[in-house]
Amino acid sequence: MIEGNKFVERSHNKFIQIAKDLIEVCPKCESIKISIRKRKTPKYRCEGCHNEFDDPKAKIVYQTQKQKKDFDRQYSNPDE
């Protein structure tokens, strides 16, 4: 079932909301471990396969709301 930009999945008689997000990945190996270079070109470099590229590939990922909250908490700024 789709509600706006979120998917809702039924699992064990409970509804789980799934959020759809885009992440940037290496176009060659689809690793999320890419670094942005300030001076050198191409602008991006994959830490996994060492591929160098100008534009990362956008990949769609689906997360449950719990996974999304845990991810946001893990990477949030504690000084805010």
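Computed from the coordinates by the stated procedures, all read-outs in this text should not be read as laboratory data. Computed from a prediction, not measured in an experiment: that's the story for all the values here. Please note: Cβ atoms are built from the backbone with ideal geometry, for glycine as well, and neighbour counts cover all protein chains shown.
Listed by Cβ neighbour count within 10 Å, with the fewest neighbours leading, 44, 62 appear as 62, 44. Computed from the C-beta positions of residue 63 and residue 35, the FRET efficiency with R₀ = 22 Å rounds to 0.40.
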